[in-house]
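The values are calculated or read from the model by the stated rules, or taken from the named source; none is laboratory data. Computed from a predicted model, the values in this text were never measured in an experiment. Note that each Cβ is placed from the backbone with ideal geometry, even for glycine, and that neighbours are counted across all protein chains shown.
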Amino acid sequence: MIDLTRPVVVLTGAGISAESGVPTFRGAGGLWRSYRASDLATPQAFRSDPRLVWEFYEWRREVISACQPNVAHTTLAMMEQCLADFTLITQNVDGLHQRAGSLNILTLHGDIWRVRCTACAYNAVDTRVPLPELPPRCPTCDGLLRPDVIWFGEQLPGTVLEKAWMAAARAGLMLVVGTSALVQPAASLPLVARRNGAVIVELNSEQTPLTPFADIHLHGSAGEHLPQWWRSVQSG
Ligand code: OAD
């Protein structure tokens, strides 16, 4: 069933960071003040009230800065060390996979620890919490800086998406951890893998639209089930 000599691809969502204390988007705790992420993570919201959008991201950066990668993140980093052909595709912007030691990561939705200028090509890592001023200004042209993340309605960077699509198409195994499988194009990646003959393993504390297409559904928390599953697969 599972052949680890073939390419292994993992797709993660906010659920893998839940046990680290990072709020998911659609579960309980996904609200900030009375807003959902979909109200604020948009170009329109930023145009009309950049300070409010930055206050939302400042809150998320503050929460995430106090979080540590959990055993699910570190298990994926170990898998990468053991496997000849491993690709991690994440929808998360929290940077916890990087801190856990994962290396070959395709970040579909960007990185909350990077900022980019809306008026020039300035783009940099800025991990200061709190930021000195909201909204932050560009040190090069004094333009408005924005979080370097993908907002609703925005296109994903072509190269990242193409690499993710290609990785899914050649996968022998796709492990999908902690995503509601509702947001495109990420939600299509497991179906691309399945169409090309991959075994689909879904790990989620709930059922999702992907569940009917999964060969194996591990029902429960990533922190508990991912290490267990990886040990069982290794021992054959
Ligand atoms: P969601 O909040 O939509 O879904 C989180 C998923 O994780 C749900 O299916 C939960 O059942 C599951 N879950 C929660 N805790 C878990 C745990 N401890 N172990 C395993 N599973 C758990 O987050 P995403 O699917 O990542 O987009 O959302 C996708 C995108 O929608 C995000 O990247 C973001 C959001 O808008 C952008 O920011 C562009």
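Only one of these is of a type in the set (A, V, I, L, M, F, W, C), more than 14 Å from the ligand (Cβ to nearest atom) and either under 19 Å from residue 57 (Cβ atoms) or crowded, with 17+ Cβ neighbours inside 10 Å (or both): 121, 100. Name it. Give the derivation first.
Working: 121 fails: either under 19 Å from residue 57 (Cβ atoms) or crowded, with 17+ Cβ neighbours inside 10 Å (or both).
Residue meeting the stated conditions: 100.
The condition of being surrounded by 16 or more Cβ atoms within 10 Å (Cβ to Cβ) and modelled with pLDDT under 95 holds for only one of 41, 18, 45, 28, that being 41. Looking across the stretch 68-96, the residues that are part of a loop (DSSP other than H, G, I, E, B) and surrounded by 17 or more Cβ atoms within 10 Å (Cβ to Cβ) come down to 69, 70, 91, 92, 93, 94, 95.
Yes/no per residue for (1) assigned to a helix (DSSP H, G or I); (2) over 24 Å from residue 229 (Cβ atoms); (3) at pLDDT below 95:
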position: 106; (1), (2), (3): no, no, no
position: 131; (1), (2), (3): no, yes, no
position: 145; (1), (2), (3): no, yes, no
position: 165; (1), (2), (3): yes, yes, no
position: 176; (1), (2), (3): no, no, no
position: 187; (1), (2), (3): yes, no, no
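The number of residues in the stretch 1-57 that are of a type outside the set (Gly, Ala, Ser) and farther than 28 Å from residue 135 by Cβ comes to 14. When 191, 203, 161 are checked against the criterion of being within 16 Å of the ligand (Cβ to nearest atom), part of a helix (DSSP H, G or I), touching a helix residue (DSSP H, G or I) at 6+ places or on another chain (Cβ under 7 Å) and in contact (Cβ under 8 Å) with a residue 12 or more places away in the chain, 191 stands alone in meeting it.
Considering only residues of the stretch 2-15 that are part of a loop (DSSP other than H, G, I, E, B) and surrounded by 15 or more Cβ atoms within 10 Å (Cβ to Cβ), which is farthest from the ligand (Cβ to nearest atom)?
6
Among the residues of the stretch 1-53, those identified as out of contact with any strand residue (DSSP E or B) (no Cβ under 9 Å at 6 or more places or on another chain) and of a type in the set (S, T, N, Q) are 5, 17, 20, 24, 34, 38, 42, 44, 48.
Sort out which residues of the stretch 82-98 are out of contact with any Cys (no Cβ under 9 Å at 6 or more places or on another chain) and of a type in the set (D, E, K, R), and write them in order of number. Before you say what the answer is, go through the steps one by one.
Keep residues of the stretch 82-98 that are out of contact with any Cys (no Cβ under 9 Å at 6 or more places or on another chain), which gives 82-93, 95, 97-98.
Answer for the stretch 82-98, where residues must be out of contact with any Cys (no Cβ under 9 Å at 6 or more places or on another chain) and of a type in the set (D, E, K, R): just 85.
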